[in-house]
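Each value in this text was obtained by applying a stated rule to the coordinates, not by laboratory testing. Just so it is clear, the structure is predicted and the values come from calculations on it, not from any experiment. In this analysis, Cβ positions are derived from the backbone assuming ideal geometry, glycine residues included, and neighbour counts consider all displayed protein chains.
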Amino acid sequence: MPGKQLSRREEEQLMKEAGRLPPGQSLTQKFPVLHYGPVPEIDITTWRLSVFGEVENETSWTWDAFRHIPTVTLTTDIHCVTRWSMFDTTWEGPRFRDFVDLFGVKPGAKFVIAHAPHGFTANLPLDVMLEDDVLLAWKYNGDLLDPAHGFPVRTLVPQRYFWKSVKWLTRLEFSSDDQPGFWEQAGYHNEGKPWEEQRTQRS
Ligand SMILES: Nc1nc2c(c(=O)[nH]1)N[C@H]1C(S)=C(S)[C@@H](COP(=O)(O)O)O[C@H]1N2
Ligand SMILES: [Mo]
């Protein structure tokens, strides 16, 4: 039927048939807000994004400087470990792989730990962060991020459960050893691949 709005179940069935629904997930048509603790109050005039650890040049960006880094736009699916998946979400921001060229990564860097306020962190191997579809996203559907969804910047790692996509990003640490993050220390899987259903350490 032309113009007919698909129901949630109909849309989910289509994604399943297209091979886009990972095991144990269901489709959501809304964008849920999920995080631990309150939405941090961010003063954009004093906000900085900094990189430190195994890098050639420890650097930080003001919001004005960060916004001038060239961006790409990407439409992708996201999968939360609490079992919702959202399809064809559109994000814009610098590609992480291009971003690291601005300061240089030392050969000893093997892991990236993304830091946010209130001690939230998430860890991933550097080679995962260097994949084509990893962004430092600061726009969603063409608009600045909503405060609840991570304004001003979040990491976006579509190939992992969404807890690895850190909202309100403040610091990126490049490390020679792995440092399990907030949910990883709480028993979630260290890798978190949705297609392998790596939800917890025992699954
Ligand atoms: N800083 C921060 N980032 C975070 C979280 C958090 O608690 N703090 N929660 C993660 C989890 S578990 C999920 S599912 C997604 C949810 O993002 P959304 O609220 O934009 O849907 O953010 C991730 N990033
Ligand atoms: Mo999550």
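Odds and ends about this structure:
- Cross-link reach list, lysines versus Lys110, counting only Cα pairs under 16 Å and skipping chain neighbours closer than eight places: none
- In terms of other Cβ atoms within 10 Å, Val112, Val81, Val72, Val105 run from fewest to most in the order Val72, Val105, Val81, Val112.
- Label-point separation, Thr59 to Gln201 (7 Å along Cα→Cβ), nm: 3.7 nm
- GluC sites (Glu not before Pro) within the range 73-173, DSSP loop, no more than 16 other Cβ atoms inside 10 Å: Glu131
- Averaging the sequence gap over all C-alpha pairs within less than 8 Å and six or more residues apart, then dividing by the number of residues, gives the chain a relative contact order of 22 percent.
- Think of it as helices only: each DSSP H run of n ≥ 4 in the chain is worth -39500 (n - 2.57), and spread over all residues that comes to -3000 deg cm²/dmol at 222 nm.
- Based on Cα contacts under 8 Å between residues 6+ apart, the range 1-87 shows a relative contact order of 30 percent.
- A simple spin-label model places pseudo-atoms 7 Å from Cα toward Cβ; at Ser7 and Asp177 they are separated by 5.5 nm.
- Counted by neighbouring Cβ atoms within 10 Å, the residues Arg97, Arg154 run from fewest to most as Arg97, Arg154.
- Label-zone membership for the range 108-139, site Leu102, 7 angstrom Cα→C-beta point, backbone N under 14 Å: 135-139
- Using 0.36 nm per residue and subtracting the Cα-Cα separation, the extra length available between Thr89 and Thr45 on full extension is 13.0 nm.
- Candidates Pro147, Pro38, Pro70: whichever shows maximal mean-square fluctuation once the chain is modelled as a Gaussian network with Cα springs under 10 Å: Pro38
- Relative contact order of the range 70-138, pairs being alpha-carbon contacts under 8 Å that are 6 or more residues apart, as %: 33 percent
- Most fluctuating residue given options Thr90, Thr170, Thr46, as computed from a GNM of the chain linking Cα atoms under 10 Å: Thr46
- Degrees, to the nearest 10: 8-17 long Cα axis against longest axis of the chain: 80 degrees
- The chain: C-alpha gyration tensor shape, a/c 1.5 cut-off, then a/b vs b/c: prolate
- Above-threshold pairs, the threshold being 21 Å between Cα atoms, out of Lys167/Lys193; Lys106/Lys139; Lys16/Lys139: Lys106/Lys139; Lys16/Lys139
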